[in-house]
Amino acid sequence: MGVFDELKARGMIAQCTNEEKVKELLNNGKIRFYIGFDPTADSLHVGHFVQIMVMAHMQRAGHTPIALFGGGTGMVGDPSGKTDMRKMLTKETIAHNISCFQAQMSKLIDFSNDRALMVNNADWLLNLNYIQFIREIGVHFSVNKMLAAECYKQRLERGLSFFELNYMLMQSYDFLQLFKTKGCVMQLGGDDQWSNIIGGVELVRKCEQKEVYGMTFSLLQTSEGKKMGKTEKGAVWLDPEKTSPYEFYQYWRNIDDADVINCMKMLTFMPLEEIAEYEKLSGSAINAAKEKLAFELTKLIHGEEQAQNAQQAAKALFGAGVEDENMPSTTIGKDAFSENQISVIDLLCLTKLAPSKGEARRLIQQGGVAVDGEKKTQVTDQISIDAFEKGHVVIKKGKKAFHKVIFKD
């Protein structure tokens, strides 16, 4: 099976500019393609993961990925799918974020011996002469067409700045530059990037009289059409300091039954034949598929040892009901106690299971908190220092969040 057919079978391909030609190039040729990553944070997150998996599948098939980091475009910010203008970032913040992206991506994509390339569009965007740019590039763009594009529609209702209107020109110019300097003939991206990708394809055709191609892939969504990768704490990050391997594992272990097979297809290298076997499961047997998905994804991002640790911790918690050393933990000292007592509210806040005392009270009143298996239903409940005789207690929030509180005198 060619890589185009593989991606299609996994449900990853959304749109192509010339499907027959794209299929021929991907299944039978060897091309250079690029995907852009704007460095809006200091870590990649689950939303980037489909893009990285597409790069990995393509690289395994002999194609050369170009990871384009938006040192230039990141200073403007993509308005696609946003109701408000993105926060402006400094050059220093952008440079730091790019270095974090590069380190994380290198674990998943082989950049040795030019098997994949890293480029930064700051190299050609930051020193542009504006008048020259709008004469040579801006002349090829119709404002009417741009405003009809999906990436701008939402923003028009709230107000779209001229500053953001430039983003499509800049992303299109990236494609032109990579075509001319790197021989890149295809741009890939999430389906929300379709309008921007079309802009680049058209710009190369008008400036160079050459055909290049665009392909988008499906966004990572639940069966209900909501974006995946969000928790009560925010985004699910690939950085273990932001989302621990245990929390990462637990996120995938606890997704809805209806989303498991789709995630297996899009986010793992599991053979389609093996996934088809898991697809036959129903009822409580689906938990085996969830465990497999969580293990495979945690192994890809954090390595096999961390995946095994997270799996063991989860099984200990949900199986025998005992604590495990891989559980997230917080250490407290005697200064956290008053008259050898600490309130359950304070414990929830110290462990960050609750962002505020008000939220902690609400959780307790709703019956969502237990300490060492004992439900706590009164906001005045206290935990004695004697409860830490074995060195720690375990707080459970809801059905899925467990946290170990370690006492060290």
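A short reminder: the numbers here are calculations on the coordinates, not readings from a lab. Small disclaimer: the values here were computed from a predicted structure and weren't measured. Because the Cβ atoms are built from the backbone with ideal geometry, glycine has one as well, and the counts that use them run over all protein chains shown.
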Checklist entry - Any residue in the range 188-205 that is over 26 Å from Lys21 (Cα atoms), surrounded by 15 or more Cβ atoms within 10 Å (Cβ to Cβ) and among the polar types (S, T, N, Q)? => result no
Checklist entry - Taking the range 379-402 only, how many residues are at negative phi, out of contact with any helix residue (DSSP H, G or I) (no Cβ under 7 Å at 6 or more places or on another chain) and surrounded by fewer than 18 Cβ atoms within 10 Å (Cβ to Cβ)? => result 8
Next on the checklist: I'd like the full set of residues that are under 17 Å from Ile332 (Cβ atoms) and not in a loop (DSSP other than H, G, I, E, B), limited to the range 370-396.
Outcome noted: Val371, Gln382, Ile383, Ser384, Ile385, Asp386, Ala387, Phe388, His392, Val393, Val394, Ile395
Checklist entry - Regarding Ala276, is this residue hydrophobic (A, V, I, L, M, F, W, C) and under 30 Å from Asp372 (Cα atoms)? => result no
Item to check | Sole residue being crowded, with 18+ Cβ neighbours inside 10 Å and out of contact with any strand residue (DSSP E or B) (no Cβ under 7 Å at 6 or more places or on another chain), chosen from Leu7, Leu26 | outcome: Leu26
Next on the checklist: Against the definition (more than 22 Å from Asn262 (Cβ to Cβ) and either of a type in the set (Lys, Arg) or part of a strand (DSSP E or B) (or both)), how does Leu25 come out, yes or no?
Outcome noted: no
Next on the checklist: Would you confirm, using the coordinates I've provided, whether Val344 is buried (at least 18 other Cβ atoms within 10 Å of the Cβ), more than 24 Å from Gln308 (Cα to Cα) and under 32 Å from the mean Cα position of the chain (by Cα)?
Outcome noted: no
